[in-house]
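Nothing in this text is a laboratory measurement; each read-out follows from the coordinates by a stated rule. Please read all numbers here as calculations on a predicted model, not as lab measurements. Positions of Cβ are generated from backbone atoms using ideal geometry, with glycine treated the same way; all protein chains shown enter the neighbour counts.
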Amino acid sequence: MFGPGREYNFTRPNEKGEYEIAEGISATVFRTVLDYYKTGIINCPDGISIPDLRDTCDYLCINFDFNTIRCQDLSALLHELSNDGAHKQFDHYLEELILPIMVDCAKKGERECHIVVLTDEDSVDWDEDHPPPMGEEYSQILYSSKLYRFFKYIENRDVAKTVLKERGLKNIRIGIEGYPTCKEKIKRRPGGRSEVIYNYVQRPFIQMSWEKEEGKSRHVDFQCVRSKSLTNLVAAGEDVLEDQEILMYHPPQVDELDRLNAPLSQMASNDFQD
């Protein structure tokens, strides 16, 4: 924690050369942690918040594991240990399973990715003439029973979001959705129209984006410009004057998004012109 050879120095000496530690840590938690330097074990009494104890151990560079912590509330202790395990496990899943799919999407020019996680036993059999609605064809399928079981827990999904945010991804959504696997039956509607009923299974999905300009307006303004072959400078000058007259009597239309985003004074001016 204090040594110059450590990768991260959390503390700095003051003007007297002293190290001020335990800032923001309660006296009760700090007194509990001091036992570690005597016995190598932290006996956590009742009433101590395990997350607070965890933050203190991280600050003091003490390993937070079963060999170090002893407490009565096993649920809270195991929850913290599960978060550590889930973080490491999802790092592995991200590199080995998810990232290759994201790279394939990026090579196609996509800026986001929607992945549905199916089990190894699941099979997808769609009718080519009547595919399922709602744009499922744009989803990427990942067959992994291990990742499916991982995403069953809400806490693991929260850890996965944290990992993805740490890796710089945006618009992260992780949850459970219905996914069509196979055709069940076909209903005939009046007029000869047929409707295909699909079997849906509840499976985890993960969606993320790596778009850099996501905050900017997505609409595109198009301007029509007349094109002529100019034979001399006189004709060019006449065309310029003619174009100016057209702009004076026919001002360009204001896009609705521009009207909403424009300052109040500009909006009033545009409304007056219209």
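Points to keep in mind about this one:
- Radius 15 Å from Cβ of VAL103, net charge of other residues (Lys, Arg +1; Asp, Glu -1): -1
- Near CYS71, the amide H atoms lying under 5 Å from its own belong to CYS44; only residues 5 or more places off or on other chains count, and H is placed 1.01 Å from N.
- Counted charge near THR32, where neighbours are those whose Cβ lies closer than 14 Å (Asp, Glu -1; Lys, Arg +1): -1
- Set of lysines near LYS183 by C-alpha distance (under 30 Å), chain-local residues within fewer than 8 positions excluded: LYS108, LYS146, LYS152
- Here the Debye sum runs over all C-alpha atoms of region 161-216 as equal scatterers in vacuum, and log10 of I(q)/I(0) at q = 0.23, 0.27, 0.31 Å⁻¹ comes out as -0.89, -1.03, -1.12.
- Rh (Kirkwood; distinct C-alpha pairs) - region 96-207, Å: 15.6 Å
- D by Stokes-Einstein for region 16-112, Kirkwood Rh over Cα pairs, 20 °C, 1.002 mPa s: 133 µm²/s.
- Charge tally for GLU155 (other residues, Cβ to Cβ under 15 Å; Lys, Arg +1; Asp, Glu -1): +3.
- The chymotrypsin sites (Phe, Trp or Tyr not before Pro) found in region 140-170 that occupy coil by DSSP, while having at most 14 further C-beta atoms within 10 Å, are TYR153.
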